[in-house]
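Report on the following structure.
The values are calculated or read from the model by the stated rules, or taken from the named source; none is laboratory data. All of these numbers come straight from a predicted model, not from anything done at the bench. Calculation scope for accessible area: heavy atoms of the full protein, side chains included, ligands and nucleic acids excluded. Shrake-Rupley method; radii C 1.70, N 1.55, O 1.52, S 1.80 Å.
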Amino acid sequence: AKEQQKEGEEKRVKEHLTESLFFEQSFQPENKTVSSGPSLLTVFLGVVCIAALMLPTLGDVESLVPLYLHLSVNQKLVAAYILGLITMAILRT
């Protein structure tokens, strides 16, 4: 009788473990997204912003760059802001 009771208890413990393992596996979120770094678009946008900040500002007379590539202060502020956002996005990943 004691052997049957032990076997029955072991069987219940095994069933409980099996159910708990199934429960844990079925409700765990699967993390299949692997962070491989910044996307190509993000890097390209960062390089464009850096290039925009390196261009001369409107009003610079002695420059080898054509006049249509001179940027205003507001345009440079926007480029610097976007570059900051990109930097924060890259550092968080």
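The table that follows gives values for the structure above.
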| quantity | calculated |
| --- | --- |
| Accessible area of THR87 in the full protein assembly, 1.4 Å probe (Å², nearest 10) | 60 Å² |
| Accessible surface ranking that places the most exposed of VAL78, VAL61 first, with a 1.4 angstrom probe | VAL61, VAL78 |
